[in-house]
Amino acid sequence: MDLRIRSFEEYQKAYQYSVEQPEDFWGDIAGNFVWKKKWDKVLDWNFKEPKIKWFEGGKLNITENCLDRHLEERGDEPAIIWESNDPDEHHRVLTYKNLHQKVCLFANVLKNNGAKKGDRICIYMPMIPELAIAVLACARIGAIHSVIFGGFSAQSIADRIQDAQCNIVVTADGSFRGTKEVGLKNVMDDALVQCPSVQKVIVLTRSRTPVSMIKGRDVWWIDEIHKAETLGQVDCPAEEMDAEDPLFILYTSGSTGKPKGVVHTCGGYMVYTGYTFQNVFQYNSGDVYFCTADIGWITGHSYIVYGPLSQGAATLMFEGIPTWPDAGRFWDIVDKFKVNILYTAPTAIRSLMQHGLSFVEGKDLSSLRVLGSVGEPINEEAWHWFNEQIGKKKCPIVDTWWQTENGGILISPLAGITPTKPCYATLPLPGVQPVLVDEKGEILEGNNVTGNLCIKFPWPGMLRTTYGDHERCRTTYFATYENMYFTGDGCLRDEDGYYRITGRVDDVINVSGHRIGTAEVENAINMFTDVIESAVVGYPHDIKGQGLYAYVVLSKEARDVELTKKDIAATVSRLIGPIARPDKIQFVYGLPKTRSGKIMRRILRKIAEGEINNLGDTSTLLDPAVVDEIKNNRL
Ligand code: 6R9
């Protein structure tokens, strides 16, 4: 069976087949990939433990699918097209041949520095081709990569490196973002003080930011490449991996505790990202595909690197930001490279919208055929602007809903095939069985219902565990409702059976498409010297989708209120990273609590949203007077 769905009837057929005979369906799809040895059993699962095994007994290496298998047919075609932060720096094109060579060479560098199959390798790099090369080189030798987004603090990096016990770090001196130069190696050095497991740090030169290099531990990327070349280590056989061997760890925030290391495995993840890339975007050979995400997030893993490359696509990587040198940068890139498929985030669309149409006018966007959105619910205004001003009403918009834990897109239109509706992720992809449940866990049948979104059957790209703590994986995702994966999202199914995601129903806040756990931010705020306690909630934000609103109780009156707020924000930045800085901080005398001491976030959320006349029942509060004080002083 061919991977590609070409009509709505084909979609319906594939969907039915995938539900009635999931093992046959996914076995057929997996047949489109290169395996060193075929699997013995397509699926073995229960959501109780949970235990999820796809393609058991199958042997493969994902990089053979992303690189080697394309060499003959499209070795000289672009694999990665790279656009610098600086529009005056020449762009780079890496063909499949180039990329294959560079990955093999760097894989040997990793080996020369002690890397082995199963090792965890931390990657903290700018959005340059070497980041993708490092990721693929890990996969080549069977090491498990853990990519950390460039905006995280030293403390967050240290937490992640310790959790995974990484022995090697790959980083760069610094990165460029707009007019800013951001140090990476020095942040990493601060983290490494707490990370005795790290034996080697490989440092790429990008920004020429001065860095410290520790003898015996730190080595330059370029020197190591030269060494490997001198030794003639140009080839690197792809390590034979079990379908269920881990491919990577990616940390993500939940409603409680520290971020969890979501684990994805080689076989299922490969099949799922390749299949969904083909079908959602309807990629045609020769198309230029541009996903504006950062490889530090799951969207970058699945839809800049693995999905597109396994399908032989030309994937465009952009180092900079959408608003520099001006708010027309995305459109310049589309024009320059004749981009056919553009996959971006609502927060970017809203921010560009706000700058006005002058940045769109005069740009040739006629190459665009498909537009995509991901990361958070897209509001109606942004959807229409994207459709009219960018797609000129001729490009289908695929509003793709999925999560880090899912590996790939779960609910989305197929471009040009599924009729779209503004703000709707529409229908599940083949193999995905969504259900809506009410608070009690009853399944809501039929249409025109709203509930919590769960998935009742496994799909190949789903997480297998959370690193080092399987029980946490069970309690977070599989214990809320029996025999179902719980997404944490609220959702509506309309009269046509179309799905519309309404947002998180747990204590996770989606700021500019980044998941931030309220507990994490509260813990950081509470580390500030004069803070007794705090509560963080989300509120609607014009550009970011949601902003962070912090209510803080101080032990003594702040000497300088504004400065203290800045100090608290700086503390959060230091402990988590700038992405978690609260947008608003309100000092309060107390938090609204029930008699059992539980903070009533519902009330705080309403106040932050400005709905102060509709707070609902406050009679169970220990001290209802605190609510008036908070209301009167709201920001
Ligand atoms: C891929 C990614 C996951 C959370 C998810 C949901 C929100 C993502 C969405 C969407 C509405 C969409 N989300 N895509 N909400 N419509 N098309 O973003 O993963 O960073 O783990 O975030 O993002 O709330 O639960 P991740």
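Considering only 317, 337, 358, the residue lying farthest towards the positive end of the dipole of region 282-399 is 337, judged by Cα position with unit charges set on Cβ. Per-residue packing, averaged as other Cβ atoms within 10 Å, sorts the ranges 397-409, 37-49 into the order 397-409, 37-49, beginning with the highest. Charge tally for residue 182 (other residues, Cβ to Cβ under 12 Å; Lys, Arg +1; Asp, Glu -1): +1. Residue-wise HN-Hα couplings along region 543-550, as the Karplus relation 6.51 cos²θ - 1.76 cosθ + 1.60 with θ = phi - 60° gives them from phi, are 9, 7, x, 10, x, 9, 10, 10 Hz; Gly and Pro carry x.
Value of Rg to Rh for region 221-276, rounded to two decimals, is 1.18; Kirkwood radius and Rg both from alpha-carbon coordinates. Sparse packing (at most 12 other Cβ atoms within 10 Å of the Cβ) combined with a DSSP loop state is found for the following GluC sites (Glu not before Pro) in region 536-635: 557, 611. Pairs of Cα atoms nearer than 8 Å and 6+ residues apart set the relative contact order; for region 1-58 it is 27 percent. By the Cβ-Cβ criterion of under 4.7 Å, the unpaired cysteines of the chain are 66, 138, 195, 266, 291, 395, 423, 454, 473, 491. Of the residues 456, 544, the one with the largest accessible area comes first in the ranking 456, 544, computed with a 1.4 Å probe on protein heavy atoms.
Packing, taken as the mean count of other beta carbons within 10 Å per residue, orders the peptides 95-102, 139-146 from highest to lowest as 139-146, 95-102. Taking packing as the residue-averaged number of other Cβ atoms within 10 angstrom, the listed peptides 372-381, 119-128 run from highest to lowest as 119-128, 372-381. With the charge dipole of the chain set up from +1 on Lys and Arg Cβ and -1 on Asp and Glu Cβ about the Cα centre, the Cα lying farthest toward the positive end among the listed residues 545, 372, 248 is that of 248. For residue 111, a cut-off of 13 angstrom between C-alpha atoms picks up these aspartates and glutamates, skipping any fewer than 8 places away in its own chain: 119, 224, 235, 239. Here the chain is treated with +1 on each Lys and Arg Cβ and -1 on each Asp and Glu Cβ, and its dipole about the Cα centre works out to around 760 debye. Translational diffusion of region 66-406, estimated by Stokes-Einstein from the Kirkwood radius over alpha carbon pairs at 37 °C in a medium of 0.692 mPa s, is 160 µm² per second.
Here's how it looks for residue 511: its modeled amide H is under 5 Å from those of 516, which are all 5 or more places away or on a different chain. Heavy-atom surface analysis with a 1.4 Å probe gives region 508-632 a carbon and sulfur content of 49 percent of its accessible area. Taking every protein chain into account, the accessible area of region 508-632 amounts to 47 square angstrom per residue (probe 1.4 Å). Here the Karplus curve 6.51 cos²θ - 1.76 cosθ + 1.60, taken at θ = phi - 60°, turns the phi angles of region 36-51 into couplings of 6, 8, 5, 5, 8, 9, 5, 8, 9, 7, 8, 8, 7, 5, x, 10 Hz, with x standing for Gly and Pro. Suppose every K and R has +1 on its Cβ and every D and E has -1 on its Cβ; what is the size of the dipole of region 350-400 about the Cα centre, in Debye to the nearest 20? Computed charge dipole of region 350-400: roughly 240 debye. Residue-wise HN-Hα couplings along region 187-200, as the Karplus relation 6.51 cos²θ - 1.76 cosθ + 1.60 with θ = phi - 60° gives them from phi, are 5, 4, 4, 4, 5, 5, 3, 9, 10, x, 5, 7, 9, 9 Hz; Gly and Pro carry x. According to the Kirkwood relation over distinct C-alpha pairs, the hydrodynamic radius of region 508-632 is 14.8 Å. For the set 41/260; 48/117; 394/421; 59/116; 102/200; 544/584, the pairs lying more than 22 angstrom apart at their alpha carbons are 41/260; 48/117. Scan around residue 588 for amide H atoms under 5 Å from its own, H built in the peptide plane at 1.01 Å from N, and keep only partners 5 or more places away or cross-chain. Under 5 Å from the amide H of residue 588: 552, 553, 554.
For region 267-372, a Kirkwood radius taken over Cα pairs fed into Stokes-Einstein (10 °C, viscosity 1.306 mPa s) yields D = 112 µm²/s. Cα-Cα pairs above 12 Å in region 574-626: how many percent? Value for region 574-626 (Cα pairs over 12 Å): 70 percent.
Under the convention that each Lys and Arg Cβ holds +1 and each Asp and Glu Cβ holds -1, the size of the dipole of region 66-406 around its Cα centre is about 320 debye. Between the amide H of residue 294 and those of 300, distances stay under 5 Å, these residues lying 5 or more places away or on another chain, with hydrogens modeled in the peptide plane. Comparing 470, 492, 525 along the charge dipole axis of region 461-530, the residue lying farthest to the positive side is 470, per the Cβ-charge model. Stokes-Einstein diffusion for the chain at 4 °C, viscosity 1.567 mPa s, with a Kirkwood radius from C-alpha pairs, works out to 51 µm²/s.
Taken per residue, the accessible surface of region 66-406 reaches 33 Å², heavy atoms only and a 1.4 Å probe.
The values are calculated or read from the model by the stated rules, or taken from the named source; none is laboratory data. What you see is a predicted model; the values in this text were computed from it and never measured. Glycine gets a Cβ as well: all are built from the backbone with ideal geometry, and neighbour counts include every protein chain shown. Keep in mind that these areas ignore ligands, DNA and RNA; they rest on the heavy atoms of the full protein, side chains included. Shrake-Rupley method; radii C 1.70, N 1.55, O 1.52, S 1.80 Å.
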